[in-house]
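Please treat every number below as a calculation from the coordinates, not as lab data. Since the structure is predicted, the reported quantities are computational estimates derived from the model, not experimental observations. Virtual Cβ from ideal backbone geometry, glycine too; neighbours counted across all protein chains shown.
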Amino acid sequence: MRISVIGCGYLGAVHAACMAKLGHDVVGIDVDQRKVELLEAGEAPFFEPGLPELLAEVRATGRLRFSTDMAQAATADVHFLCVGTPQVHGEFRADLTYVESAFAALQPHLKPGDVVAGKSTVPVGTAEALAARLDGTGAVLVWNPEFLREGFAVKDTLHPDRLVYGLPTDDDGEPTAVGVAAREVLDEVYATPLADRTPLVVTDYATAQLVKVAANSFLATKISFINAMAELCEATGADVTRLADAIGYDARIGRRFLNAGLGFGGGCLPKDIRAFMARAGELGVSDALSFLREVDSINMRRRVRMVDLAREVCHGSIVGRRVAVLGASFKPDSDDVRDSPALSVAAQMQLQGAHVTVTDPQGIVNARAKWPDLRFADTALEAAEDADVVLLATEWTEYRDLEPHKLGEVVAHRRILDGRNVLDPRVWRAAGWTYRALGRP
């Protein structure tokens, strides 16, 4: 099929490449000339495992191209809207500026029978408003939310764990005639994953828009729950990792994402749960999501507690202490530093008088742009040289696999804070290290 992807950031670039991999003829449109030039050269403008190889593969077929000219989208029959919806500065609500701008720029190039598929994470009600603007054009809007995990985005697009279609419906909640036709188009777009028995949920606009934010809110709640338990464990001497193991055997709960530590960050979970709360308030049902305020509060409190823990192991003060922070990205296998717990802690320590050096396998360039006053190093050993305390803040494999004796040879004091609860405390203590972690004795 002929497809356009509007917005070639993280979501759009991956989606465009994967659609070409599935055999479609794809044009990616973005206003950022530099980004388009990189993608046209087969280079990813951000770090994502597997994406450079995929870009090289599909670019060689001639099925994928990129442009800054929205008129190039006119040849497509399906248009995926993949622009960002960041948090409004100083508020909780989502900024729909990019969605509105992209939609307005696309409208003049639509023709009867075209399908516009929204993938951006938007407040419920956005799709209905956009659909109304297509009345009389012969084009139809569907909502097809994305469920990408950074570090696994290519796999999640080519082999999704579910597909959701939000279609125009009648008063009985059934798809209208144009909705049925749009579903057939999406079925053709996703023919390969559907043939692999990927679960498909066909629903209305409102439900489709709620799926992503509801999923992110549930995940954030699960993470903050175990971090709340970590606070209780610290007060009682219990071990949060053993607690998580024990309750995780309950099939109704599950062990995944019950990992206490610095909490969540990135460009999705924090801003999505805040925008969800803001939208609930606009709809007059703010009490329904009031618990998310505590979820957010618990998450942010973990960062403050990590600074306190550093102060404790340094005998009451980090002023003048050398601190090595291993990790700048908000999660491993990503260079994304948006709302990164690691950088937040590093910056707090610096502001409180510590001499902080940060390292990361992929995120240093982005981290330096965000926090130019921090010092950066290329490797863990370089960052830890003469350090009074080492903080593992992002669970990259190379940090999880660090050899305690080798790292101990370069530090001033063998003190390690395991901000992700991924190290074996017995191994590190046996090597002469003072080991501390959130929620553990």
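Is the C-alpha gyration tensor of segment 259-351 telling us rounded, prolate or oblate? Criteria: a/c under 1.5 is rounded; beyond that, a/b larger than b/c is prolate, otherwise oblate. In terms of gyration-tensor shape, prolate. Across segment 291-301, coupling constants 3J(HN,Hα) worked out from phi with the 6.51/-1.76/1.60 Karplus curve, θ = phi - 60°, read 5, 5, 5, 6, 4, 5, 5, 4, 4, 5, 5 Hz, and Gly and Pro carry x. Taking 41 Å as R0, compute the FRET efficiency from the Cβ-Cβ separation of ARG400 and ALA177 and round it to 0.05. Computed FRET efficiency for ARG400 and ALA177 comes out at 0.15. Ordered from longest to shortest, the equivalent ellipsoid semi-axes for segment 1-74 are 16, 15, 10 Å, each the square root of 5 times a Cα gyration tensor eigenvalue.
Rounded to the nearest 0.05, what FRET efficiency is calculated for VAL304 and LYS155 with R0 set to 30 Å and r the Cβ-Cβ distance? For R0 = 30 Å, the calculated efficiency reads 0.30.
At 222 nm, what helix-only mean residue ellipticity would the chain give, in deg cm²/dmol to the nearest 500, using -39500 (n - 2.57) for each DSSP H run of four or more?
Rounded to the nearest 500, it is -12500 deg cm²/dmol.
Derived value for segment 301-437: Kirkwood hydrodynamic radius 14.3 Å. Basis is the mean of 1/r over every pair of different alpha-carbon atoms. For segment 213-296, the average shadow cast by the Cα convex hull is 5.9 nm², which is a quarter of the hull's surface.
Working from label points 7 Å from Cα in the Cα-to-Cβ sense, the VAL319 to VAL88 distance is 4.2 nm.
Taken about its Cα centre, the chain carries a charge dipole of about 1280 debye when Lys and Arg each add +1 at the Cβ and Asp and Glu each add -1 at the Cβ. Applying D = kT/(6 pi eta Rh) to segment 151-292, where Rh is the Kirkwood radius over alpha-carbon pairs, T corresponds to 25 °C and eta to 0.890 mPa s, the Stokes-Einstein value obtained is 136 µm²/s.
Remark: MET300, MET229 ranked as MET300, MET229, counting other beta-carbon atoms within 10 Å and listing the fewest first.
Exceedance of the 23 Å cut-off in Cα-Cα distance is limited, within the set LYS111/LYS212; LYS119/LYS222; LYS271/LYS370, to LYS111/LYS212; LYS119/LYS222.
If each residue's Cβ is checked for other Cβ atoms within 10 Å, how do SER4, SER67 rank with the fewest at the top?
Arranged by neighbour count, lowest to highest, SER4, SER67 become SER67, SER4.
How many angstrom separate the Cα center of segment 208-270 from the Cα center of segment 100-175? Result: 31 Å between the Cα centres. Rounded, prolate or oblate: which fits segment 2-198, taking a ≥ b ≥ c as square roots of the Cα gyration tensor eigenvalues, rounded meaning a/c under 1.5, else prolate when a/b beats b/c? It is rounded, given that a/c, with a ≥ b ≥ c, falls under 1.5. Residues whose amide H falls under 5 Å from that of VAL164, counting only those 5 or more places apart or on a different chain, are VAL201, with hydrogens built in the peptide plane. For ASP204, nonlocal amide neighbours, meaning residues 5 or more places apart or on other chains whose placed amide H falls under 5 Å from its own, are LEU167.
Annotation: amide H of VAL356 within the under-5 Å range of VAL323, ARG375, sequence separation 5 or more or interchain, hydrogens built in the peptide plane. Compared with the alpha-carbon gap, the fully stretched path from GLU282 to THR198 is longer by 26.8 nm at 0.36 nm per residue.
Residue by residue, segment 46-52 carries 3J(HN,Hα) couplings of 8, 8, 8, x, x, 6, x Hz when phi is fed to the Karplus relation 6.51 cos²θ - 1.76 cosθ + 1.60 (θ = phi - 60°); x denotes Gly or Pro. Which of these values of semi-axes √(5λ) of the Cα gyration tensor in Å was calculated from the structure shown: (i) 29, 25, 21; (ii) 43, 24, 19; (iii) 51, 24, 23? Matching the structure shown: (ii). Placing unit charges on the Cβ atoms only, positive for Lys and Arg and negative for Asp and Glu, gives segment 301-437 a dipole magnitude near 620 debye about its Cα centre.
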